[in-house]
Structure formats: C-alpha cells, structure tokens
Amino acid sequence: MPSSLQKTRKHIARKRNGEVNALHAKSRDSLRLHKAGVRDLRLEKLAAARSKREQPIIDRVTFFQASLAEKDNQPLDVETLQTFIQNFIHKYDEEYNILKKARRSGRPPSAREDVLKIKIAALEKEYQNGFVLPNVTSAEHAKNLENWEGSWAYLTNLPWIKVSSAGQVRTAEFPSKGIN
C-alpha cells in the first residue's frame, strides 16, 4: 500500500514534469511533502503501538491453539483448561529463576527480572478473577480456534470465556483493549 508521502511525491513530480528535487524550502509543494512525511511517521507510530498492545492477546491465543492441537483439537473440559492456564501463567518461571540465580547477592534485580515478576503476578491475579481465553469447550468453538490463521480480524469472531481459579466459567467479550 503506497504511503501518502509516495502519493504526494508522485503527484508533484507529475505536475513539475518529473523534477521533485528542485523545490523552494517554503513552497507549497515542499510543505505538502513535509506534511505527508509527518503523517506517515505518525501512522507508523500508531501502528507500532497498536501491535504492541495486541501482541499479548495473539500470544495467548497462539498458546491455546497449540495446546488444543496437542489434544487433537477436541473440546476441552474445565480441568484441562485450568491445567493449560497454569502452564501459560508459569511459562516464564524458568527464565525468572535463571535470572534470579545469575544475580549476585546484594544486587538489585535486573529490569527483565522485574518485568517477568510483574507479568507472572498479573497473570495469577487475572486467573483469580477470571482468565480470558477463547472458548474451546465445544466442538464448534474448538474448530473455529483450529482454523485461526493468526489474523487480528478473525479473533473478533471467536467466542471468549473467563475461567477463574475456582472453576467458574462465564462468557466474556473480546478483549479489544488488551490484556493486563
């Protein structure tokens, strides 16, 4: 998809018979080029922020899609879901323990160690209140998750549930604002 800077540059080149390099600093065309460049930068920053916010949800769905594939894409009961949730929550434990052991005594924890500790604590708190994940408790929903190819748009079509540590399962909305 062409950016607005490329479109503006092409339009100005067509207007000036292919000569875009010889523009006056305060001319209308140079201001249009500058404005288009600033717009492209702003859109790139917004896209990067959006993908950073969406990445935890995509990672979660990918994990549960792989876990479902281990069970031959059959619907899962609550106990199995809770086991998978525990695996998801504690997938950072090994890295956290390695970082903790590598640190000399008396030293403050590294930034990565702090991030992992906060992430694990946030996931455990979410599990207490209700862990949001795609619904895989029926054959139809499991098939939908199996067919997911990684796109963000398809995630809105998946039904979502919240599973608490007590074993309660209730429906949930798609977490469009991000998780955690």
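Report the accessible area of VAL78, computed with a 1.4 Å probe over the heavy atoms of all protein chains in place, in Å² rounded to the nearest 10.
Ignoring ligands and nucleic acids, VAL78 comes out at about 40 Å².
Of all accessible surface on the range 43-89 at a 1.4 Å probe, what whole percent is carbon and sulfur?
52
Going from most exposed to least, what order do LYS101, LYS119 have by accessible area with a 1.4 Å probe?
Accessible-area ranking of LYS101, LYS119, largest first: LYS101, LYS119.
What distance in nm separates the two pseudo spin-label positions at ASP72 and ARG112, each 7 Å out from Cα along the beta-carbon direction?
Simple spin-label model gives 4.0 nm for this pair.
If we count every other residue with Cβ under 14 angstrom of THR62's Cβ, Lys/Arg +1 and Asp/Glu -1, where does the sum land?
Here the charged neighbours net out to -3.
For Rg/Rh (Cα atoms, Kirkwood Rh), the choices are (1) 1.01; (2) 1.20; (3) 0.98; which was calculated from the structure?
Computing Rg/Rh (Cα atoms, Kirkwood Rh) and matching it to (1) 1.01; (2) 1.20; (3) 0.98 gives (2).
What net charge is computed for the residues neighbouring ALA111, neighbours being all others with C-beta under 14 Å from the C-beta of ALA111, Lys and Arg scored +1, Asp and Glu -1?
Combined, the nearby Lys, Arg, Asp and Glu give +3.
Place a +1 charge on the Cβ of each Lys and Arg in the chain and a -1 charge on the Cβ of each Asp and Glu, then give the dipole magnitude about the Cα centre in debye, rounded to the nearest 20.
1800
Find how much the distance from ALA102 to SER3 grows on full extension, using 0.36 nm per residue of separation minus their present alpha carbon separation; answer in nm with one decimal.
31.0 nm
Would you kindly find the accessible area of PHE131, with a 1.4 Å probe and non-protein molecules such as ligands, DNA and RNA excluded, rounding to the nearest 10 Å²?
Here the residue's solvent-accessible area equals roughly 0 Å².
Using a simple spin-label model with points 7 Å from Cα along the Cα→Cβ vector, what separation in nm is obtained for VAL169 and ASN147?
Each label point is offset 7 Å from its Cα along the Cβ direction, giving 2.1 nm.
To the nearest 20 debye, what is the magnitude of the charge dipole of the range 88-180 about its Cα centre, counting +1 on the Cβ of each Lys and Arg and -1 on the Cβ of each Asp and Glu?
Charge dipole of the range 88-180: 580 debye, to the nearest 20.
Highest GNM mean-square fluctuation, the chain, Cα pairs closer than 10 Å: which of LEU43, LEU68, LEU23?
Residue with maximal mean-square fluctuation among LEU43, LEU68, LEU23: LEU23.
Would you mind getting the accessible area per residue of the range 4-43, heavy atoms of the protein chains only, 1.4 Å probe, in Å²?
Counting only protein heavy atoms, the per-residue value for the range 4-43 is 82 Å².
Largest first, how would TRP160, TRP152 line up by accessible area (1.4 Å probe)?
TRP152, TRP160
Can you find, among ILE98, VAL136, SER164, the residue farthest towards the positive end of the dipole of the range 54-172? Put +1 on the C-beta of Lys and Arg, -1 on that of Asp and Glu.
ILE98
Answer with one residue from HIS34, GLN74, LEU23: the one whose Cα lies farthest towards the positive end of the charge dipole of the range 1-96, charges on Cβ with Lys, Arg +1 and Asp, Glu -1.
Towards the positive end, the residue furthest out is LEU23.
Between the range 28-80 and the range 155-175, what is the C-alpha centre distance in whole Å?
Taking the Cα centre of each part, the range 28-80 and the range 155-175 sit 20 Å apart.
How much solvent-accessible surface does ARG50 expose, in Å² to the nearest 10, with a 1.4 Å probe and all protein chains in place?
For ARG50, solvent-accessible area is about 110 Å².
What's the angle, to the nearest 10 degrees (0 to 90), between helix 93-102's Cα axis and the longest principal axis of the chain?
It works out to around 80 degrees.
The values are calculated or read from the model by the stated rules, or taken from the named source; none is laboratory data. The model shown is predicted, which means the values in this text are computed figures rather than measured ones. Positions of Cβ are generated from backbone atoms using ideal geometry, with glycine treated the same way; all protein chains shown enter the neighbour counts. All accessible areas refer to the heavy atoms of the entire protein, side chains included, with ligands and DNA or RNA removed. Shrake-Rupley method; radii C 1.70, N 1.55, O 1.52, S 1.80 Å.
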